[in-house]
Every structure is written in C-alpha cells, then in structure tokens.
Amino acid sequence: MSEWLQYRGYLGSVRYSDEDQTLYGRLEFIRALVTYEGKDVKSLTNAFREAVDDYLDLCSEYERTPEVPLKGSFNVRPGRDLHRRAMMYAHREGMSLNAVVTQALQRMLPDHI
C-alpha cells in the first residue's frame, strides 16, 4: 500500500495510530476537513471511498461546488533574486516564466511519485 489513496480525482493520506491500532487519513489538498479510518487496509480503502462519495453527495445536496484538489496552478514565491534569474532566463530563451517553472519541475520530479 502506498501512502496515498486515489478515487474520483481525490487523494487521501494514509496514517497509522499505534495508540489506537487504527489506520486513518483525510482528503488532502482541499480546504474541507474530510476524514476516514479503518482497522485494516481494506476497511481504510472502503472508508476513504465512502468519505469521497459522502463529500460529493453533501456538496450536491447543498448545491455547492465540490473543491477540486490540485487544479494545476499554484503561486510560487522564490524570492527576488531567483525570480529575477528565472525571468531573465525565460526572456533569453523566448519562454514564459510559467514554462520555465514547469520545465524545471518536470526535470526535478520523477514521474512515479
């Protein structure tokens, strides 16, 4: 089992409480607090999926748009010097700053995370 559960576009954490002898987690990368727990991997996975379905049903019932995790954009605050260097590189290469940051992340991060 990995440290992430995935279902319907949502990511859930997997943690263990030695005190309670329980696996637990929460939906990550959204503001709403949605948690789940189980005594074993199968029950944790089922509880995670139920939590996602319940969250989406609740949003529908109250006519609210569900939060979408990891929408594909984020703010970066690299500091003045790194920002300047990145902008100068982007200008020299005829790229946007967004393309420079995306390219740097693609080089740095393996595909299998």
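The values are calculated or read from the model by the stated rules, or taken from the named source; none is laboratory data. Because the structure is a prediction, the values reported are computed rather than measured. FYI the Cβ positions are ideal-geometry reconstructions off the backbone, even for glycines, and counts take in every protein chain you see. When the accessible area is computed, the model is the full protein with side chains, heavy atoms only, and any ligands, DNA or RNA have been set aside. Shrake-Rupley method; radii C 1.70, N 1.55, O 1.52, S 1.80 Å.
Here are the numbers for this structure:
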item: Solvent accessible area, Å² - residue 88, 1.4 Å probe, full protein context; result: 110
item: For the chain, built as a Gaussian network whose Cα springs stay under 10 Å, the top-fluctuating residue of 40, 20, 54; result: 20
item: Per residue solvent-accessible surface (Å²) - the chain, probe of 1.4 Å; result: 81
item: Segment 26-106: chymotrypsin sites (Phe, Trp or Tyr not before Pro) falling in loop per DSSP and having at most 14 other Cβ within 10 Å; result: 29, 62, 74
item: Over segment 22-113, relative contact order from alpha-carbon pairs under 8 Å, at least 6 apart, %; result: 17
item: The chain, accessible surface, carbon-and-sulfur percent (1.4 angstrom probe); result: 50
item: Loop-exposed trypsin sites (Lys or Arg not before Pro) per DSSP, neighbour cap 10 Cβ within 10 angstrom, longest uninterrupted part of the chain; result: 72-113
item: Computed helical MRE - 222 nm, the chain, DSSP H runs ≥ 4 contributing -39500 (n - 2.57), nearest 500; result: -13500 deg cm²/dmol
item: Derived scalar couplings ³J(HN,Hα) [segment 84-99; Karplus, 6.51 cos²θ - 1.76 cosθ + 1.60; whole Hz; x for Gly, Pro]; result: 4, 4, 5, 5, 5, 4, 4, 4, 4, 8, x, 10, 7, 4, 4, 5
item: Folded to 0 to 90 degrees: helix 41-61 orientation relative to the chain principal axis, Cα; result: 80
item: Cα gyration tensor shape of segment 20-90, rounded if a/c is under 1.5, else prolate or oblate by comparing a/b with b/c; result: oblate
item: Cβ-based charge dipole, segment 21-113, positive-most Cα from 21, 43, 78; result: 78
